[in-house]
Amino acid sequence: MSDFDVEHFAKLSRLNINDEEKVTLQKQMNDILGMVNELMELDLDGVEGTNFAVDMQNIIRQDEVGESVPVEKVVATFPDTEDNMNRTPVILEDND
């Protein structure tokens, strides 16, 4: 295992860290990576995978048609509308 590249990580994360923080972060990340390496060495043949620490069961209700909210009431909650639709500001410009 090679040392964690703190400066590259800080650059990608846009973090401004001083020399003291670099030393601390270097040690912490190397410790974490060392623990991950220990886990990778475990023999897990025959161990069933799990997503949750406890057994979970999904409870699904039946889909039932119900009464809808009238369009006028919904449209009245919009800050800006156009043809009974919610109008939102453009946040991305076309680059054509």
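Contact order normalised by length for the chain, with contacts defined as Cα pairs under 8 Å and 6 or more residues apart; what percent is it?
Numbers: 25 pairs, mean separation 13.4, N = 96.
So the answer I get is 14 percent.
Quick check on the exposure proxy: order 75, 47, 6 from fewest to most C-beta atoms within 10 angstrom.
Details: 75 13, 47 8, 6 20.
By the 10 Å Cβ count, ascending: 47, 75, 6.
Pick out, from 36, 91, 12, the residue whose Cα sits farthest towards the positive end of the charge dipole of the chain, with +1 on the Cβ of Lys and Arg and -1 on the Cβ of Asp and Glu.
In the chain, that residue is 91.
If we count other beta carbons within 10 Å of each Cβ, what is the order of 50, 81, fewest first?
50, 81
For the chain, what mean projected area does the convex hull of the alpha carbons give, in nm²?
Numbers: hull surface 64.8 nm².
Hull-based average projected area comes out at 16.2 nm².
Report, to the nearest 10°, how far helix 19-40 tilts away from the longest principal axis of the Cα atoms in the chain, using its own Cα long axis and a range of 0 to 90°.
Taking the Cα atoms of the chain, the angle to 19-40 is about 90 degrees.
Each residue of the range 46-63 in order: what ³J(HN,Hα) in whole Hz does its phi give by Karplus 6.51 cos²θ - 1.76 cosθ + 1.60, θ = phi - 60°, with x for Gly and Pro?
3J(HN,Hα) across the range 46-63, in whole Hz: x, 8, 6, x, 9, 9, 9, 6, 10, 5, 10, 10, 7, 9, 10, 8, 6, 6.
Using label points projected 7 Å from each Cα along Cα→Cβ, tell me how many nm separate residue 94 and residue 58, to one decimal.
4.1
Check which residues have an amide H placed less than 5 Å from residue 4's amide H, if you skip close sequence neighbours.
The answer is 30.
For 78, 4, 52, what's the fewest-to-most ordering of other Cβ within 10 Å of each Cβ?
52, 78, 4
Just so you know, all these numbers are worked out from the coordinates, no wet-lab data involved. What you see is a predicted model, and the numbers here were worked out from it, not measured in a lab. Note: ideal-geometry Cβ built from the backbone for every residue, glycine included; neighbour counts use all protein chains shown.
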